Amino acid sequence: MHTFAISSVLSLGGIVVAQSIRVGGDELDEAIVNYVKREYKVLIGTQTAEEVKLEIGSAYPMEEEVQAEIRGRDMVSGLPKTVVLTSEEIRQALEEPLSQIIDAVKETLDRTPPELASDIMDRGIMLAGGGSLLQGLDERLRRETEMPVHVAESPLTCVAVGSGRALEEFDVLQRSSRPGRGSNRRY
């Protein structure tokens with residue numbers, strides 16, 4: 001199963017610019033699994049990786065770095081083994097998929113019309129979905145884009161609630177996305 005990160009700019013009920021990449025929470029978990037396998041020769045499952053990500057994972061250096069003890073199977077002996085991971089290590093493990101997400105946000109901002117880019121500079125970027133709960137993601141995006149970044153009030157449910165509302169207004173969305181209609185409208 002793959003998860004996706006979607007970077008988009010919305011205005012007046014429509015999508016102005018959007019980009020979807022095949023990187024999300026599952027890929028972050030897989031990056032941790034691969035890191036532990038490569039660095040410690042220990043096999044862990046994606047559930048353990050997700051727990052580590054939530055407990056000590058971060059996208060930006062933490063004020064106080066932390067560690068977590070995990071258990072897996074030693075690839076050499078086949079026996080159970082305990083490993084202590086640091087938040088710095090997990091941040092390193094997450095670097096590649098996080099860089100892909102940040103690059104997608106930057107590319108979306110680059111393709112955004114100037115009038116809307118100005119609004120984003122004023123109001124900021126809104127993060128939603130489970131990935132937005134990764135510690136320090138908002139700060140890292142803030143530093144790399146030099147724009148305000150906010151995490152949605154209820155990031156885990158707002159995507160589903162918003163999709164449900166969009167379906168309730170499906171006919172309105174279809175009318176607003178037809179070519180020729182509103183083509184002179186301002187953002």
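The values are calculated or read from the model by the stated rules, or taken from the named source; none is laboratory data. These figures come from a predicted structure and were not determined experimentally. Cβ sites come from the backbone with ideal geometry, for glycine too, and all protein chains shown count toward neighbours. Remember, those area values only see protein heavy atoms, side chains included, never the ligands or the DNA or RNA. Shrake-Rupley method; radii C 1.70, N 1.55, O 1.52, S 1.80 Å.
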Enumeration of residues in the stretch 89-130 that are under 12 Å from the mean Cα position of the chain (by Cα) and within 19 Å of Leu10 (Cα to Cα): Ile101, Ile102, Asp103, Ala104, Val105, Met126, Leu127, Ala128, Gly129
Could you run through the stretch 34-65 and say how many residues are touching a residue at least 12 places away in the same chain (Cβ under 8 Å), within 21 Å of Arg143 (Cβ to Cβ) and in a loop (DSSP other than H, G, I, E, B)? 6
Scan the stretch 126-160 for residues that are at pLDDT 90 or above and touching a helix residue (DSSP H, G or I) at 6+ places or on another chain (Cβ under 9 Å) and report the count. 15
Checked the stretch 66-78 for anything open to solvent by 90 Å² or more (accessible area, probe 1.4 Å) and closer than 30 Å to Asp138 by Cβ; matches are Gln67, Glu69
Condition first: of a type in the set (A, V, I, L, M) and closer than 25 Å to Gln92 by Cβ. Now tell me which residues in the stretch 111-170 satisfy that. Ile125, Leu127, Leu133, Leu134, Leu137, Leu141, Val149, Val151
Which of the following residues is under 18 Å from Ser20 (Cβ atoms), open to solvent by 40 Å² or more (accessible area, probe 1.4 Å), not small (Gly, Ala, Ser) and not in a loop (DSSP other than H, G, I, E, B): Lys81, Lys106? Lys106
If the requirement is being of a type outside the set (Ser, Thr, Tyr), under 23 Å from Lys106 (Cβ atoms) and open to solvent by less than 50 Å² (accessible area, probe 1.4 Å), which of these qualifies: Val23, Val42? Val23
Residue hits (the stretch 45-61; open to solvent by 40 Å² or more (accessible area, probe 1.4 Å), in contact with a helix residue (DSSP H, G or I) (Cβ under 7 Å, 6 or more places away or on another chain) and farther than 25 Å from Val76 by Cα) are Tyr60
Look at Arg91 and say whether it is at negative phi and either surrounded by fewer than 17 Cβ atoms within 10 Å (Cβ to Cβ) or in contact with a Pro (Cβ under 7 Å, 6 or more places away or on another chain) (or both). no
So, of the residues in the stretch 131-160 that are assigned to a loop (DSSP other than H, G, I, E, B) and under 12 Å from the mean Cα position of the chain (by Cα), which turns out to be surrounded by the fewest Cβ atoms within 10 Å (Cβ to Cβ)? Gly136
